[in-house]
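Enquirer: Dumping the structure here so I can ask a few things about it.
Each value in this text was obtained by applying a stated rule to the coordinates, not by laboratory testing. Everything quoted here is computed from the prediction, not taken from an experiment. No Cβ is skipped: glycine too gets one built from the backbone with ideal geometry, and neighbour counts run over all protein chains shown.
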Amino acid sequence: MTSDSAIRALTPPPSDAEAEAWRKVLADALAADLPQLSAPTRVEVAGRLRVPPARGRAALWAAEDGVAGLLLFTDEENRHTAFLDVLTVRPRARRQGLGTALWQQVREELLARGRTSVTAQIDLGGPGQAFAESLGFTSVLSMAWYVQDVPQAQRSLPVREAAAPPGYELVCWPGPVPDAWAAAAARAHCAMDDAPTGDADVQVPAWTPDRLHAAQQLILDRGGALTTVAAVTPEGEVAAYTELVLPDPDGPRALQYDTVVVPGHRGLGLGRTVKLRMLAEAADRHPALRAVATTVADENAPMRAVNEALGYRRERGTALFQLTL
């Protein structure tokens, strides 16, 4: 049987050996649960463990066959809640009490910090969902992972010919938004307020230029790469944008972060346009890139339609699960 004594809290920053042990646990679990996905790289895992999050404080626990990571929000809107970033056990050690022991460490931390709820994103139909539901977690927002085959899309879509409609210009910047566009980009990020969030007990903080810079700089500090494509107006407004993140710049899979069209500029095809241009930028900047993955809420029909037109396929269901403590 597994005991609590086998679990140790990791004091940031973890050593090379601790980071590699963490990565191997994730890789073994992923190979069993989602064999179609590539294992996380050393760059990706070490970056997430060693560089503190921009919106809070991380708490980490590890055992020989399991890991858990918790994000305790520190912004005023969310000091009551937290996000369970990972709780994973190697297949060989499952059903022996290790997952429950890790959860007890997480739960004690949540209560000690005065948190009244915790949220996690969990793939549907797998061991994670069954375990979470056994603890009392319930689904508050249904979503799915969608994946685009980058080489196929670059062959079949007019990525090089993507042009903004009259009255708009496409601009691209690698890394954090330039200072000249920071205020306009922050305002555009606030347009995410109308994105579906279900019953999740997490408030989206108001975006400011400083908060936007901090969130984007975090990606680079963790060893990743970020590219933004925006449609802008002559008056200096960011009317639409999309963000592409590679947790490892040399990895084969990227994450599509936000794709947003600001109210007042919708219905003109700007969402499709910025995503098309991003495909061209990705080909130039990351020739090893093979797939782009993104999550979309089931109720977000407009974005699902855009993605389908660009060749995204549904990969697997996922959801935000929440527990009230």
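Enquirer: Using the reciprocal of the averaged 1/r over all distinct C-alpha pairs, how large is the Kirkwood radius of region 95-213 in Å?
Expert: Averaging 1/r across every pair of different Cα atoms and inverting gives 19.2 Å.
Enquirer: Take each uninterrupted DSSP H stretch in the chain, measure its Cα extent along the helix axis, and return the ones at 20 Å or beyond whose mean Kyte-Doolittle hydropathy is at least -1.0. Display every interim value, and only then the final one.
Expert: Numbers: long enough: 16-33 (26 Å, -0.13); 98-112 (21 Å, 0.17); 270-285 (22 Å, -0.16).
For the chain, where a helix must reach 20 Å along its axis and average at least -1.0, the hits are 16-33, 98-112, 270-285.
Enquirer: While we're looking at this one, here's another question. At 222 nm, what helix-only mean residue ellipticity would the chain give, in deg cm²/dmol to the nearest 500, using -39500 (n - 2.57) for each DSSP H run of four or more?
Expert: Working: 9 runs with 107 residues, N = 325.
So the helix-based figure for the chain works out to -10000 deg cm²/dmol.
Enquirer: Now for a different question. Stokes-Einstein D for the chain at 25 °C, 0.890 mPa s, Kirkwood Rh over Cα pairs, in µm²/s? Don't skip to the answer; put the middle values down first.
Expert: On the way: Rh = 20.8 Å.
It comes out at roughly 118 µm²/s.
Enquirer: Something else now. Amide H neighbours of residue 143 under 5 Å, at least 5 residues apart or on other chains, H built in the peptide plane: list them.
Expert: Answer set, sorted by chain and number: 298, 318, 319, 320.
Enquirer: Under unit Cβ charges (Lys, Arg +1; Asp, Glu -1), what dipole magnitude, rounded to 20 debye, does region 80-171 have relative to its Cα centre? Intermediate results must be reported in sequence, preceding the final value.
Expert: Working: 9 positive and 8 negative charges, 91 e Å.
That gives a dipole near 440 debye.
Enquirer: About the Cα centre of the chain, what is the dipole size in debye to 20, counting +1 per Lys and Arg Cβ and -1 per Asp and Glu Cβ, all else neutral? Spell out each step's value before the answer.
Expert: On the way: 32 positive and 39 negative charges, 131 e Å.
It comes to approximately 620 debye.
Enquirer: Continuing with the same structure: How large are Rg and Dmax for region 4-115 when only the alpha carbon atoms are used, in Å?
Expert: When restricted to Cα atoms, region 4-115 yields Rg and Dmax of 14.0, 41 Å.
Enquirer: Sort the following peptides by mean Cβ neighbour count (other Cβ atoms within 10 Å, averaged over residues), highest first: 272-284, 243-255.
Expert: Those peptides, ordered most packed to least, come out 272-284, 243-255.
Enquirer: Could you work out the local net charge near residue 147, counting Lys and Arg as +1, Asp and Glu as -1, over the other residues with Cβ closer than 15 Å to its Cβ?
Expert: Numbers: positive: 253, 275, 290, 304, 313, 314, 316; negative: 123, 149, 308, 315.
Result for the local shell: +3.
Enquirer: With N set to the residue count of region 187-325, report its C-alpha Rg divided by 2.2 N^0.38 Å to two decimal places. If you can, show how the numbers build up before the last one.
Expert: Numbers: Rg = 15.5 Å, N = 139, 2.2 N^0.38 = 14.3 Å.
Expressed relative to 2.2 N^0.38 Å, the Cα Rg reads 1.08.
Enquirer: Below 12 angstrom from the Cβ of residue 320, what's the summed charge of the other residues (Lys, Arg +1; Asp, Glu -1)? Walk me through the intermediate numbers first.
Expert: Numbers: positive: none; negative: 123, 199, 201, 298.
Combined, the nearby Lys, Arg, Asp and Glu give -4.
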